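Chemist: Sending over a structure as structure tokens; questions will come in a sec.
The values are calculated or read from the model by the stated rules, or taken from the named source; none is laboratory data. Owing to the predicted nature of the structure, the values given are computational and were not obtained by experimental measurement. Virtual Cβ from ideal backbone geometry, glycine too; neighbours counted across all protein chains shown. Accessible surface areas use protein heavy atoms only, side chains included; no ligands, DNA or RNA. Shrake-Rupley method; radii C 1.70, N 1.55, O 1.52, S 1.80 Å.
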Amino acid sequence: MPSSPNPYRLPRTVVPSAYRLFLTPDIDEATFDGRVEIDVEIRDATDRITMNAIDLDLGAATVSIAGTSLRSRELVLDATYQTATFGFEGPVPAGFATIEVAFSGVLNDRLRGFYRSTFTDQAGVTHTIATTQLQECDARRVFPCWDEPSFKATFQTNLTVPGHLAAYSNSPVTSDTDLGNGQRTVSFSPTMKMSTYLVAFVVGPFEETAPQDVLGTPVRIVYPTGKGHLAAFALDTSAFALDFFSQYFDIPYPGEKLDMIAVPDFAFGAMENLGCVIYRESDLLIDPATASLAEKRRVTTVVAHETAHMWFGDLVTMAWWEGIWLNEAFATFMEVMCSNAMNPEWTPWDDFASDRDIALQIDGLHATRPIETEIVNPNEALALVGPLTYQKGGSVLRMLEQFLGESVFRDAIRLYLRRHSYANTVTTDLWDALEEVSGHPVRDLMNTWILQGGHPLITLSGGVISQEPFAYHRASGPSAIGSTWSVPVLVRSLEGGPVNRVLLGDEPADVVGELPLVLNAGGSGVYRSRYGSDELAALAPRLDELTELERTTLVTDSWALLFAGLTRWDDFYLVARSLGNQDEPGSWSIIATAVDFIHRALRDDQRVQFAQVVRELFEPRWARLGWDPRPGDGELTAQVRAIVLRVLGTLGGDEAIRSESRRRFEADETDGDLGNAILRVVAESGEESDYQVMRERYRNARTPQSEQRYLHALAGFDVPALALDLASMCFTEVRSQDAPLVLATLSRLRVCGPEVWRYVTGRWDDALKSFPTYLIPRLLLGLATYITDDAFAVEAEAFHRAHPLELQRRLMEQAIERMHVGLAFTTAIRPQF
């Protein structure tokens, strides 16, 4: 591979093949010392060797080659490109060599590189651990290296740690040597050939489950001391996922062991380090007896997602960061497939429709972007970590799978993985495999989805389907929304007959079949659907004949059309009231979102009337469901019960629900599916005494899920003193992994939102220093959902344009545009009530 003209990429005159890492973290002093030996091929004689390094103190480099040893005489550091260039007096000859460098660094508190994390045990003792997060390009903060995904190599790690602490890395332990000074050195076997961002190590007071053998691979859950009672659910899930993917990909797991490790502080949900997957606690450790279905579903999907990465990402890796969608979209798609195989009664594909809608909400903005976006500076890849990469990308793959056929798609993926194992790929390598197996022009079809932003609006009217770009409003400037897609459309008639399979292009297409017709039959299409008046009138009375996924898709699209001003409340209300007694959380959660947005947008005098509309929609469901489970309830009924409870207890003003919620709250009956809803209803009262109780329970939570439940319930108190108290806690007490989202939730509050926003922006420099870089854009989420005042919108936009987020400007533009869409919705919806 020739050297790249991109200045952020390293020359390929020196290529690594194996690393031997020797690290000694001093957790008490928050520092680490290390030494690395790197086997390399020097392809051309050179007097300068450049590798990546940042935030490290580096010694001289020694090169051993052909029986001689050469020591560097000069070191040039470049902070912009994050490189270290070692200069030698004379040329280092071409050939195979070993480079040795000593270094030292700081265990930071920014949740990146090699960092510190703390937790307090049940006895009140605070413990500190050292752990890693190296994606996208933070291995260079831990040891000098060729820190690009295409420079694959093996890694052999040696950790010298206090004797009483546990140590983990990507591969099994080969030796554990007591040094006689209270320290010991733990050595691990070399890994397979892999990218630097997958290297991992964790040191601290941890315990682990007994290993469970899965096709010859030992699987363990590793957890902070004292939390073993929360590990069994994840262990069973991990074992199932490893077996499922080994069979689906028809390739053995590429590592030697699989440790799933829960750490107290982690910027993401989890990270797919080969054999040493690191999670935030709430996404791995769980008590299924007290958790809600949503919380159990979350652990299941995150474990499945990371396990899928062992093949799609670790074994086969993108060549550069614009291909990150190949990793993440596939892992997202495969997590749902695995979850569906493990718990089909949870209807994961139906739930995925709601995730897809989150992505399409962004994708309907002119500030959207293509799924695959050019990356120059690798730090720009941070902006790709979000719904367009994960949920939209995964949804497009699901649409393609359903169009080609499941077995054809699977066989093509197996071919792709076999062909590129231990190597790097670009997107066209995937299309090659899919075209070879399917015989379809996959490349031409998929390029319309991957290389342009946005998605189409498909209209069915008068027996004809047509497409146009979907957008929430007219563009006033440049737009990233595309123009035409190659759209696999499925349409079926409820009166029977064959399904219409149409690959829709520029021209409208005829549809054969008797009304009522279902557009996006099966619900896998990544587009918005719109029905003509006759088609909608025929379909609405027969929604019970649709599949759950088709109903959810219809509701989400109806809400999108209303929010975009392409339809009126009456049309959305017709769909919502036609759902009948379907216990489907996907549909009802969207309806709950819609009525919440409308409630925010209406004038004070209109909310009384709207509360009656809310009761008309939700009270019949509550009369049927009630507080407690009934014989015959399905797996998802409790989720619908919680949605209805929350809406009636807040927007509907139901005093009986409020009273019973308070009784259960005071009795500390807030576990399970109803827990979040009960807390939300109690928070609506705005009582300081309730806030104090919730804050104490948050501080003394029994499980990671309970901690999250109370933390986010605290953000529901729409009272200035309480909201600002929690905002202040976000800078002092709340974990930095959680604080930006809590502040965003506070800034959404209808009454206190502006005051919280001004508090946060008044401490903007503190926020940038306190919170992980990855998570700063979450502070902008409130712009999209609470601003109904034009003057305040001007103030908010002016501040954020004057304080843009480096490398993440598009996320800022999306938040500002979403704010203006909300303002337009406010103007449009008020006259309809």
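Chemist: Here are S171, S150, S246, S187: which of them is among the small types (G, A, S), part of a helix (DSSP H, G or I) and touching a residue at least 12 places away in the same chain (Cβ under 8 Å)?
Modeler: S246
Chemist: Which one of these is crowded, with 21+ Cβ neighbours inside 10 Å, under 34 Å from the mean Cα position of the chain (by Cα), closer than 19 Å to Y710 by Cβ and of a type in the set (V, I, T): V682, V644?
Modeler: Result: V682 is the single residue among V682, V644 that is crowded, with 21+ Cβ neighbours inside 10 Å, under 34 Å from the mean Cα position of the chain (by Cα), closer than 19 Å to Y710 by Cβ and of a type in the set (V, I, T).
Chemist: From the set of residues in the range 583-609 that are open to solvent by less than 40 Å² (accessible area, probe 1.4 Å) and over 28 Å from D355 (Cα atoms), which is nearest to the chain's Cα centre (by Cα)?
Modeler: Here the answer is R607.
Chemist: Out of (1) part of a loop (DSSP other than H, G, I, E, B); (2) surrounded by fewer than 20 Cβ atoms within 10 Å (Cβ to Cβ), what's the single condition that is false for I787?
Modeler: (2)
Chemist: Restricting attention to the range 449-457, does a residue exist that is farther than 30 Å from G532 by Cα and open to solvent by 10 Å² or more (accessible area, probe 1.4 Å)?
Modeler: yes
Chemist: So F143 passes all but one of these: (1) among the aromatic types (F, W, Y); (2) surrounded by fewer than 24 Cβ atoms within 10 Å (Cβ to Cβ); (3) in a loop (DSSP other than H, G, I, E, B). Which condition number does it fail?
Modeler: F143 satisfies all of (1) among the aromatic types (F, W, Y); (2) surrounded by fewer than 24 Cβ atoms within 10 Å (Cβ to Cβ); (3) in a loop (DSSP other than H, G, I, E, B) except (2).
Chemist: Moving on to the next point. Hey, can you tell me all the residues within the range 493-536 that are of a type outside the set (A, V, I, L, M), in a loop (DSSP other than H, G, I, E, B) and free of Cβ contacts under 8 Å to residues at least 60 places away in the same chain?
Modeler: The answer is E495, G496, G497, P498, G505, D506, E507, P508, G513, E514, P516.
Chemist: Any idea which of (1) among the hydroxyl-bearing types (S, T, Y); (2) open to solvent by 20 Å² or more (accessible area, probe 1.4 Å); (3) closer than 25 Å to R600 by Cα is the one Y774 doesn't satisfy?
Modeler: That leaves (3) as the condition not met.
Chemist: Within the range 364-418, take every residue that is part of a loop (DSSP other than H, G, I, E, B) and touching a Phe, Trp or Tyr at 6+ places or on another chain (Cβ under 8 Å) and give me the one that is modelled with the lowest pLDDT.
Modeler: Here the residue is V385.
Chemist: Considering only residues that are among the hydroxyl-bearing types (S, T, Y) and not in a helix (DSSP H, G or I), look in the range 688-744 and name the one that is nearest to E669 (Cα to Cα).
Modeler: T703
Chemist: Could you tell me whether the range 137-159 includes any residue that is more than 30 Å from L70 (Cα to Cα) and touching a helix residue (DSSP H, G or I) at 6+ places or on another chain (Cβ under 6 Å)?
Modeler: no
Chemist: Now a separate question. Taking the criterion of being more than 31 Å from the chain's Cα centre (by Cα) and of a type in the set (S, T, Y), would at least one residue in the range 441-452 satisfy it?
Modeler: no
Chemist: Consider G672 against the criteria (1) open to solvent by less than 30 Å² (accessible area, probe 1.4 Å); (2) assigned to a helix (DSSP H, G or I): it satisfies all of them except one. Which criterion is unmet?
Modeler: (2)
Chemist: Let me ask something additional. Among the numbered criteria (1) of a type in the set (S, T, N, Q); (2) at pLDDT 95 or above; (3) open to solvent by 10 Å² or more (accessible area, probe 1.4 Å), which single criterion is violated by Q122?
Modeler: That leaves (2) as the condition not met.
Chemist: Among the residues of the range 537-545, is any in contact (Cβ under 8 Å) with a residue 12 or more places away in the chain and in contact with a strand residue (DSSP E or B) (Cβ under 6 Å, 6 or more places away or on another chain)? Spell out the reasoning first.
Modeler: Filtering the range 537-545 down to residues in contact (Cβ under 8 Å) with a residue 12 or more places away in the chain leaves 538-545.
Checking the rest, the ones that are also in contact with a strand residue (DSSP E or B) (Cβ under 6 Å, 6 or more places away or on another chain) come to none.
No, the range 537-545 has no match at all.
Chemist: Can you name the number of the only condition in (1) open to solvent by 20 Å² or more (accessible area, probe 1.4 Å); (2) more than 15 Å from C276 (Cβ to Cβ); (3) of a type outside the set (D, E, K, R) that F151 fails?
Modeler: Here F151 clears every test but (1).
Chemist: Criterion first (among the hydrophobic types (A, V, I, L, M, F, W, C), in contact with a helix residue (DSSP H, G or I) (Cβ under 7 Å, 6 or more places away or on another chain), under 30 Å from A701 (Cβ atoms) and open to solvent by less than 40 Å² (accessible area, probe 1.4 Å)) does L134 satisfy it?
Modeler: Judged against the criteria, L134 is a match.
Chemist: Can you list the strands (runs of 3 or more DSSP E) found entirely within the range 251-361 that contain at least 2 residues being open to solvent by less than 10 Å² (accessible area, probe 1.4 Å) and closer than 16 Å to T389 by Cα?
Modeler: Per the criteria, 316-318.
Chemist: Oh, and also: If the requirement is being touching a helix residue (DSSP H, G or I) at 6+ places or on another chain (Cβ under 8 Å) and surrounded by fewer than 20 Cβ atoms within 10 Å (Cβ to Cβ), which of these qualifies: P441, P378? Write out each step before concluding.
Modeler: Working: P378 fails: surrounded by fewer than 20 Cβ atoms within 10 Å (Cβ to Cβ).
Selected residue: P441, the only one of P441, P378 that is touching a helix residue (DSSP H, G or I) at 6+ places or on another chain (Cβ under 8 Å) and surrounded by fewer than 20 Cβ atoms within 10 Å (Cβ to Cβ).
Chemist: Need pairs with beta-carbon distance below 6 Å; first residue part of a helix (DSSP H, G or I) and within the range 444-473, second open to solvent by 10 Å² or more (accessible area, probe 1.4 Å) and modelled with pLDDT of 95 or more; sequence gap 6+ or separate chains.
Modeler: Matching pairs, first to second residue: L445/S486; T448/S486; I450/E372.
Chemist: For the range 419-438, what are the residues that are outside any helix (DSSP H, G or I), open to solvent by 60 Å² or more (accessible area, probe 1.4 Å) and either in contact with a helix residue (DSSP H, G or I) (Cβ under 7 Å, 6 or more places away or on another chain) or of a type outside the set (S, T, Y) (or both)?
Modeler: Residue satisfying the conditions is V426 alone.
Chemist: Given (1) farther than 23 Å from L823 by Cα; (2) more than 26 Å from the chain's Cα centre (by Cα); (3) open to solvent by 20 Å² or more (accessible area, probe 1.4 Å), where does F799 come up short, assuming only one miss?
Modeler: (1)
Chemist: Quick one: in the range 78-112, of everything that is closer than 18 Å to R12 by Cβ and hydrophobic (A, V, I, L, M, F, W, C), which residue is surrounded by the fewest Cβ atoms within 10 Å (Cβ to Cβ)?
Modeler: Checking each candidate, the answer is F96.
Chemist: In this structure, does G364 turn out to be surrounded by fewer than 20 Cβ atoms within 10 Å (Cβ to Cβ), more than 14 Å from the chain's Cα centre (by Cα) and not hydrophobic (A, V, I, L, M, F, W, C)?
Modeler: In short, no.
Chemist: Which ones in the range 1-33 are among the hydroxyl-bearing types (S, T, Y), at pLDDT 95 or above and open to solvent by 60 Å² or more (accessible area, probe 1.4 Å)?
Modeler: Correct list: S17 only.
Chemist: Further question on the same structure: For the range 204-233, what are the residues that are surrounded by 17 or more Cβ atoms within 10 Å (Cβ to Cβ) and either part of a loop (DSSP other than H, G, I, E, B) or in contact with a helix residue (DSSP H, G or I) (Cβ under 6 Å, 6 or more places away or on another chain) (or both)?
Modeler: Result: P205, T209, V214, V219, I221, K227, A231.
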